[in-house]
Amino acid sequence: MNFAPELISLLRGTSKLVALTGAGVSQESGLRTFRDAQTGLWAQYKPEELASPEAFRRDPKLVWDWYAWRREAVKGVRPNPGHYALAEMAKRVPEFILITQNVDGLHHMAGNRKLIELHGNIQRVRCAECYTLTETWGDDTESVPQCLVCGGLLRPDVVWFGEPLPRDQLEAAVEAARTCEVFFSIGTSGVVQPAASLAFAAHNRGAVVVEINAEPTPLTPKANYAFHGKSGEILPKLVTAVWENGR
Ligand code: BV8
Ligand code: ZN
């Protein structure tokens, strides 16, 4: 895979790079994306139907079990070369900020520490009423486990559709997008807001936008560089070309 010499020199010289990732970056780890149809018991539901406060009010056990099923799926997978390439970039660029829409925790597992989890993390559980985070809960119960502080129902510490993003995470993400020199959009269909507007905010501030996605997205026309393929194949090659070859 050849990368434009000007892209390589840009990345070698950049001091502030921001990357936004979506479900596509975890696809090669064996996790289904939101676009991919769900399987088994969950095939009859669209993710955005289950990932909502309305669904939890209507049938809390169904939503709880869906997240328990996804937690098991995440436990069974490992970061892929795309995740590790981003961890490598974090070591090479003076200021590297990784913003993810993913709740799977694989970026952290791959070693990224300057990480903004915009939509939360599926391994964390909190009370739906008093927000108390809890480390332990029973998954094998007939009903949804309850909070030991107020008796409220426990729920995953993720952002559901119709819920606001955590203010500090969102502000940090917007600030990063507005002040970066290079913005990578990786493995995201660019549909869900406000995450999908970050790349445009960076573009409008003159940042160079690089898209890596299996297919074109609404961002593609604005991208200075667009690579349509698998992030687990393209990112390692890019890291090698920029930071390993000819240094
Ligand atoms: C809010 C956590 C308001 C839970 C998630 C403006 C216009 C229209 C609608 C809205 C709007 N503003 C707000 C909305 C509503 C809504 C929204 O955007 N709806 C969409 C559907 C139109 N947004 C919200 O509700 C947000 N909240 O607005 O609150 C508010 C404000 C104040 C006070 C009260 C309320 C909350 C949004 C967050 C929801 N939670 N996740 C969970 O995970 O269970 S979103 C979830 O879906 C993911 O986190 C992610 O963000 C999104 C899925 O998108 P992607 O990650 O991009 O994945 P997708 O499958 O779509 O695409 C994968 C891509 O990868 C594909 O393009 C594919 O080609 C590519 N690919 C596949 N394999 C590979 C690959 N690429 C590279 N390599 C590969 N191997
Ligand atoms: Zn509580």
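Throughout, read-outs are computed from the coordinates displayed, never taken from laboratory work. Predicted, not measured: the structure shown is a model, and the values here were computed from it. Reconstructed Cβ throughout: ideal geometry from the backbone, glycine too, with neighbour counts over all protein chains shown.
Annotations
- Mean separation of Cα contacts under 8 Å, 6 or more apart, over the residue count of segment 1-84: relative contact order %: 28 percent
- Fraction of alpha-carbon pairs over 20 Å apart in segment 1-159 - percent: 57 percent
- Within straight-line cross-link reach of Lys222, lysines at Cα separation under 28 Å, skipping those fewer than 8 residues along the same chain: Lys16, Lys91, Lys114, Lys230, Lys237
- Taking Met109, Met89 and counting other C-beta atoms within 10 Å, the order from fewest to most: Met109, Met89
- Cα-based Kirkwood hydrodynamic radius, segment 73-134, one decimal, Å: 12.8 Å
- Counting neighbouring beta carbons within 10 Å and listing from fewest to most, the residues His107, His119, His228 come out as His228, His119, His107.
- The chain - percent relative contact order, Cα under 8 Å, separation 6 or more: 24 percent
- The value of relative contact order for segment 1-141, using C-alpha pairs under 8 Å at least six residues apart, is 25 percent.
- Spatial offset of segment 34-99 relative to segment 174-217 amounts to 20 Å, using the alpha carbon center of each.
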